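Trainee: I'd like to ask some things about the structure below.
What follows is calculated from the coordinates using simple rules that are stated; it is not laboratory data. The structure displayed is predicted, hence computed values, not measured ones. Virtual Cβ from ideal backbone geometry, glycine too; neighbours counted across all protein chains shown.
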Amino acid sequence: MEEHTPTYDEALSLLKEFNKSESLLKHAYCVEGVMRYVARKIGEDEEKWGIIGLVHDLDYELYPEQHCKKSQEILEQRGWPKEYIRAVVSHGWGICSDVEPQTDMEKTLYAVDELTGLVTAVAIIRPSKSVADLEAKSVMKKWKDKSFAAGVNRSVIEKGANVLGVELRDLVDDVIMGMREVADRIGL
């Protein structure tokens, strides 16, 4: 099949074809928002980065045991560009994929995916239940409490920050700022 660059509407439609869970959709919007924010901040293609963030967990609801592998199949069948597919698969590096993130886009996706979960958990327990007034120091305080949001893989986040060459606190700031831009869509 010939490659074609997907539009945002095509990506959103594909996401909703394979995902019905509200929490997975909100996670996709979180990661999309952060990817767009970081792309804009460093002068990259915001639309491309946003689309990758949106579909990164495309296969997770229906095929959790084949996570990343099934996404690759689905995207290849639909003629998505190799660059997009590689980025999606690379976010599972060391977990369910052996594709190491190489580009800034891949490294960013890898670094922020898990972190959006921690930021969400911290936002939910705040009186405002919002990211609007959330600061990195609050997230860093909860970071140390391993029983808080215990499902969040902190070692993956640390590895992501190292791969990106950024301080963890700066990465937390970027995630908060990106999530603020989609706060209405994610209910935070």
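Trainee: Over what distance in Å are the Cα centres of segment 90-153 and segment 63-82 separated?
Mentor: Between the Cα centres of segment 90-153 and segment 63-82 lies a distance of 23 Å.
Trainee: Using a Gaussian network for the chain with springs between C-alpha atoms less than 10 Å apart, which of these wobbles most: His91, His56, His67?
Mentor: Top of the fluctuation ranking is His67.
Trainee: Using DSSP to define loop residues, name the trypsin sites (Lys or Arg not before Pro) in segment 134-188 whose beta-carbon has at most 10 other beta-carbon atoms within 10 Å. Please list the in-between numbers first.
Mentor: On the way: sites: Lys137, Lys141, Lys142, Lys144, Lys146, Arg154, Lys159, Arg169, Arg180, Arg185; in loops: Lys144, Lys146.
When the trypsin sites (Lys or Arg not before Pro) of segment 134-188 are filtered for loop state and at most 10 Cβ neighbours within 10 Å, Lys144, Lys146 remain.
Trainee: Considering only DSSP states other than H, G, I, E and B, which GluC sites (Glu not before Pro) in segment 91-167 qualify as loop sites with at most 13 other Cβ atoms within 10 Å? Before the final figure, lay out the partial values.
Mentor: Details: sites: Glu106, Glu114, Glu135, Glu158, Glu167; in loops: Glu135, Glu167.
Listed in order of number, the matching sites are Glu135, Glu167.
Trainee: Please work out whether segment 127-176 counts as rounded, prolate or oblate from its C-alpha gyration tensor, where a ≥ b ≥ c are the square roots of the eigenvalues and a/c under 1.5 means rounded, while otherwise a/b larger than b/c means prolate and anything else oblate? Provide the component values of the computation, followed by the final result.
Mentor: Values: a/c = 2.35, a/b = 1.29, b/c = 1.82.
Because a/c hits 1.5 or more and a/b fails to exceed b/c, segment 127-176 counts as oblate.
Trainee: Magnitude of the Cβ-charge dipole of the chain, K/R +1 and D/E -1, about the Cα centre, nearest 20 debye? List each step's numbers first, then the result.
Mentor: Values: 25 positive and 34 negative charges, 187 e Å.
In debye, rounded to 20, the chain gives about 900.
Trainee: How tilted is helix 154-164 with respect to the longest principal axis of the chain? Cα atoms for both, answer in degrees (0 to 90, nearest 10).
Mentor: 70 degrees
Trainee: Moving to a separate point now. Would you mind ranking Met35, Met177, Met140 so that the residue whose beta carbon has the fewest other beta carbons within 10 Å leads the list? All intermediate terms of the calculation are to be shown ahead of the outcome.
Mentor: Numbers: Met35 27, Met177 16, Met140 13.
By the 10 Å Cβ count, ascending: Met140, Met177, Met35.
Trainee: Let me ask something else about it. Would you compute, from DSSP H runs of 4+ residues alone, the mean residue ellipticity of the chain at 222 nm, taking -39500 (n - 2.57) per run and dividing by the full residue count, rounded to the nearest 500?
Mentor: Numbers: 10 runs with 117 residues, N = 188.
The per-residue figure over the chain is -19000 deg cm²/dmol.
Trainee: Once phi is turned into θ = phi - 60°, what whole-Hz ³J(HN,Hα) does the Karplus curve with 6.51, -1.76 and 1.60 give for every residue of segment 25-38, x standing for Gly and Pro?
Mentor: Taking θ as phi minus 60°, the curve returns 5, 5, 4, 4, 5, 4, 5, 4, x, 5, 4, 5, 4, 5 Hz for segment 25-38.
Trainee: Still on this structure: Taking loop as defined by DSSP and a crowding limit of 11 other beta carbons within 10 Å, which trypsin sites (Lys or Arg not before Pro) in segment 1-101 fit?
Mentor: Lys20
Trainee: In addition: Distance in nm between label sites at Lys137 and Asp9, each 7 Å beyond Cα in the beta-carbon direction?
Mentor: Calculated label separation equals 4.6 nm.
Trainee: Between Tyr110, Tyr37, Tyr60, which gets the highest mean-square fluctuation from a Gaussian network model of the chain, Cα cutoff 10 Å?
Mentor: Tyr60
Trainee: Same structure again: According to the square roots a ≥ b ≥ c of the eigenvalues of the Cα gyration tensor, what is the shape class of segment 1-56, taking rounded for a/c under 1.5, prolate for a/b larger than b/c otherwise, and oblate for the remainder?
Mentor: On the way: a/c = 3.12, a/b = 1.16, b/c = 2.69.
Oblate shape, in that a/c is at least 1.5 and b/c is the bigger or equal ratio.
Trainee: Follow-up. May I ask you to derive the relative contact order of segment 36-188, considering only C-alpha pairs under 8 Å and at least 6 residues apart, and to give it as an integer percent?
Mentor: Details: 173 pairs, mean separation 32.2, N = 153.
That works out to 21 percent.
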